[in-house]
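Single-structure report; data block below.
The values are calculated or read from the model by the stated rules, or taken from the named source; none is laboratory data. Quick caveat, the model's predicted, so the values are computed rather than measured. Neighbour counts run over all protein chains shown; Cβ positions are idealised from the backbone, glycine included.
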Amino acid sequence: MRQVYMISGGITKFAKAHQDKDFRLMVKEAYDYALRDVPRFSKDMIDGAVGSYFSDHFTRQLKAASMVQDYLGLCPKPSKRVEGGGATGGLCFQSAWEAVASGRMNCCAAFGFETMSRVNTWKGNEFIALASDTNFDFPVGGFYSGYYAMMVQRHMHEFGTTVEQMAMVSIKNHANALYNPYAQKAKRLTIKQVRESPMVATPLTMEDICAMSDGAAVCFLASEAVASQVCDHPVKITGVGSGSDAMRMADRPHGKVILLPHEREADYRRLKYPGVHSFRGGRMAAKLAYEMAGISNPGEELSFIELHDAYTSSEIQTYEDLGLCKYGEGGRFVESGIPFMPTVDYGLELSKQGQLPVNPSGGLLACGHPVGATGLMQAVFAFWQLQGSVEKHLGNDRLQVKNAKRGLIHSHAGTGTYITVSIMETA
Amino acid sequence: MERNGTIVYGVDPLVIHDHYEIDYRHSYAEDSPFFIGLTKGQLLGSRCTVCGYTYATPRAHCMDCGAPTMWHELPLTGRIHTFTTCHYGGEQFLKETPFTLVLVEFDAADTLFLSRLKGMPPDGVRIGLPVVARFAKTPSFKVTDVWFEPADKA
């Protein structure tokens, strides 16, 4: 396999609706931004593209990625669409990585988008719920906020995780986004405000849950030869991993924990795993990515993380899957302040504030979650962090992680059915 | 489809109403006996013929070893493994809110079963609560033909 680099990226503002732009124009906007950021690079150097969007129900335009391909002027170059629920963007990123790593392409464009504003929020929830078992789960009234609510109820039961700890994730991500002009929903919150916002599915309130969004994101991935020719500060992709789990939460087994290098079986003697409280696919994805990147203690060897916080609860669960803390310690991990930014005032007492920032961009909770774009949006933010170019792209440097050397991006589909983890490093 | 022309929401940009619906001929295929079972007051899981792994939500082949499973009648009583009360939902279910979803665990099975909990206020629901299956008198041939209620009311 060849070393793969990210050489540029672009995103649109994530918004409740972009009625003035269809999906083609949204992607074009992000794509042109990415092209402008590498003046020595040109469209002719792109060998092919991978497009991602989650739902044909939202677009009601099948083969929509083909329409983006022609709109960008990339025909007749190779192209395909990748779809994998919430992890669609992360899978798209890794698919483009595969194209370059294999030698098939010297430069591959990854583009993603979603247009969720075309139906009302609860119809949108229904579309997303159709990505659960339609014989056994959807007809009962199952929908994703309900599924994650059941998962975190069990997490609370097993480990003593609290709704206040979950609210701290919401405070963190919404406040980080105050400095990210691309975000949809930046604001200052208190624990009380998070808890008093309308209840969706106990214990998750509106402020525990990400919003539907319209938006697009684009990444250019390239070989070493192309990267060194066109980009002053390329970023290396040093690890990719992905995992999966059974579609129905009811089918998740109760076995042994998949251990990371810094963990031991004795750590989890009484834990039945993954049950419905943990994401086995996330742990698998992390393990594979860490092995490829040579990471043995992620909490100490990463500078920052952009992870899939569709829910405050799933951010806490994901700290554990990624091995930032042991299973069961996710709630206390956020309480310690470790995943907060050192440079942002949250109105909270945090003893270890800013040791390992998680979702400096504001994550899905604040940026929004235009599904096909989300995983690529994380890659773009991580790319800017590692280039040290956050100020250039966001207009301020508040969210720039100082001396960022190595970042992790994590994309996650329906209750953990597909998960990707990719590691990016300064070249 | 509007009877008298097209609904226009705005002109800059031009935004119109666009209706879409579709009917499917949906087969439960190999899972059919489960849904027939509900009409007879039976909760059918499945058990692997080789490794004995027992599924509370049935599947025709074992997820672990790949062997065929056989139908396995579950007890009608179990316990709440986890739960949530939904105050919103997908559009189709909004009118039914608030409703409580439960994953039910059974002594005789290795996996769980998703269902509705009825017959108790949301603030009384807790993990570990014994529950009993109830069945619709008039079947709809959907998984909602079964739901659970607290066992102590039985």
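Scanning the range B:115-154 for residues that are aliphatic (A, V, I, L, M) and free of Cβ contacts under 8 Å to residues at least 60 places away in the same chain, we see that the one that is surrounded by the most Cβ atoms within 10 Å (Cβ to Cβ) is B:Val131.
Screening B:Asp110 on (1) among the charged types (D, E, K, R); (2) crowded, with 16+ Cβ neighbours inside 10 Å; (3) at pLDDT below 95 shows it passes everything except condition (3). Each residue in the range A:36-55 was checked for being surrounded by 12 or more Cβ atoms within 10 Å (Cβ to Cβ), of a type in the set (Gly, Ala, Ser) and more than 18 Å from the chain's Cα centre (by Cα), and 2 pass.
Residues in the range A:127-166 that are touching a helix residue (DSSP H, G or I) at 6+ places or on another chain (Cβ under 7 Å) and of a type in the set (S, T, N, Q) were compared, and the one that is nearest to the other protein chains (Cβ to nearest Cβ) is A:Asn135.
Which residue is nearest to A:Lys21 (Cα to Cα), if the candidates are limited to the range B:1-27 and must be touching a residue at least 12 places away in the same chain (Cβ under 8 Å) and within 34 Å of the chain's Cα centre (by Cα)? Applying the filter and picking the extreme gives B:His17. For the range A:92-115, a tally of residues being under 30 Å from B:Glu91 (Cα atoms) and surrounded by fewer than 24 Cβ atoms within 10 Å (Cβ to Cβ) returns 0. Close contacts from the range B:48-71, counting a first residue that is more than 14 Å from chain A (Cβ to nearest Cβ) and a second that is among the hydrophobic types (A, V, I, L, M, F, W, C) and in a strand (DSSP E or B), with Cβ to Cβ under 7 Å and a gap of 6+ residues or different chains, come to B:Thr49/B:Met70; B:Ala67/B:Cys48; B:Trp71/B:Leu44. Look at the range A:254-273: where a residue is within 25 Å of B:Thr111 (Cα to Cα) and a partner is basic (Lys, Arg) and part of a loop (DSSP other than H, G, I, E, B), sitting 6+ places away or on another chain with Cβ atoms under 6 Å, you get A:His254/A:Lys272; A:Asp267/A:Lys326.
Answer yes or no: is there a residue in the range B:79-99 that is away from chain A (no Cβ under 11 Å) and either polar (S, T, N, Q) or within 17 Å of the chain's Cα centre (by Cα) (or both). Taking every residue of the range B:79-99 in turn, at least one turns out to be away from chain A (no Cβ under 11 Å) and either polar (S, T, N, Q) or within 17 Å of the chain's Cα centre (by Cα) (or both).
The condition of being within 14 Å of another protein chain (Cβ to nearest Cβ), outside any helix (DSSP H, G or I) and either of a type in the set (A, V, I, L, M) or touching a residue at least 12 places away in the same chain (Cβ under 8 Å) (or both) holds for A:Val276.
Out of A:Ala222, A:Ala183, one residue alone is of a type outside the set (Val, Ile, Thr), in contact with a helix residue (DSSP H, G or I) (Cβ under 8 Å, 6 or more places away or on another chain), away from chain B (no Cβ under 14 Å) and closer than 21 Å to A:Thr115 by Cα. It is A:Ala183.
Looking across the range A:2-35, just one residue is of a type in the set (A, V, I, L, M), surrounded by fewer than 20 Cβ atoms within 10 Å (Cβ to Cβ) and either free of Cβ contacts under 8 Å to residues at least 40 places away in the same chain or closer than 22 Å to A:Gln385 by Cα (or both), and that is A:Leu35.
Starting from the range A:48-68, take each residue that is more than 12 Å from chain B (Cβ to nearest Cβ) and list its partners that are in a loop (DSSP other than H, G, I, E, B) and not hydroxyl-bearing (Ser, Thr, Tyr), counting only C-beta distances under 6 angstrom and pairs at least six apart or across chains. Taking only residues 6 or more apart or on different chains, the pairs are A:Gly48/A:Lys77; A:Gly48/A:Pro78; A:Gly48/A:Met105; A:Ala49/A:Leu74.
Do we find that A:Val344 is farther than 24 Å from A:Thr415 by Cα and part of a loop (DSSP other than H, G, I, E, B) in this structure? Answer is yes for this residue.
With respect to the conditions (1) assigned to a strand (DSSP E or B); (2) within 16 Å of A:Gly375 (Cα to Cα); (3) of a type in the set (A, V, I, L, M), A:Ala30 falls short on a single one, namely (1). In the range A:387-409, the residues that are closer than 19 Å to A:Tyr5 by Cα and at pLDDT 95 or above form Cβ pairs under 9 Å with partners that are exposed (fewer than 13 other Cβ atoms within 10 Å of the Cβ) and among the acidic types (Asp, Glu), at six or more places apart or across chains, as follows: A:Gln387/A:Asp232.
Highlighted here are the helices (runs of 4 or more DSSP H) found entirely within the range A:117-233 that include at least 1 residues which are crowded, with 23+ Cβ neighbours inside 10 Å and not polar (S, T, N, Q): A:121-129, A:144-159, A:163-176, A:224-230.
Residues of the range A:89-116 being under 16 Å from the mean Cα position of the chain (by Cα) and outside any helix (DSSP H, G or I), which ones? Hits for the range A:89-116 are A:Ala110, A:Phe111, A:Gly112, A:Phe113, A:Glu114.
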